[in-house]
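What follows is calculated from the coordinates using simple rules that are stated; it is not laboratory data. Since this is a predicted model, take the numbers as computed values, not measurements. Counting neighbours? That spans all protein chains shown, and the Cβs are built from the backbone with ideal geometry, glycine included.
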Amino acid sequence: MVAGAALTAALALAALPGIAGSAGPTPTSTIDPSAFQSIQVQAFSATAFAAEPLDSTYAAAGRVDAATSMTEPGSGVAVALPTRPRVQLPGAHSGSALKPPRYRMTGYASFYANGTTAMRLPRGTTIVVCGGGGCIERVVSDYGPAASLKSRIIDMYTPDFFSICGCPWYAGTTRVTVSIY
């Protein structure tokens, strides 16, 4: 207890320098003018000062100098621009740019709020899901549906489900074909 009180007193003395005996502010004093020396600054001297020209290796490519010609807007000579060469393009061919799928699954799909899931496919697999309302390409982002639901092969993000479903808003499942790429 006594040691704690002594430590507190020592800290208080260090925090309050006036009590510990520090000196107050010093009074102002005048400085003797003879302590200063007069110098001549180059900008105010009577002699001429000439700067050397800049090294041309450090000059900008678009610099303006005495040899640069200036033209007023609208008074210049019209310059004919070269025309582009004509290119012969091959004709378009019919067919599909999609490569054939590795395999296809047919079954039922339902909707799911957190992305496209397929229990039998790893995440990152590109698939094309086709239903009564059209087709949509997606990437599998999660695992599911439950293995006990043998007829349901995919759960889809809700807006995707209704875009390929072609069914009313109260439908729970729809028949789809899933092409795996």
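Quick check: pseudo-label points 7 Å beyond the Cα along Cα→Cβ at residue 167 and residue 64, how many nm apart are they?
About 7.4 nm separates the two model spin labels.
If each residue of separation counts as 0.36 nm, what is the full-extension length gain between residue 81 and residue 7 once their alpha-carbon separation is subtracted?
Gain on stretching residue 81 to residue 7: 17.7 nm.
What length, rounded to one decimal in nm, is gained on full extension from residue 180 through to residue 142, with 0.36 nm per residue of separation minus their alpha-carbon distance?
My answer for the length gained is 12.1 nm.
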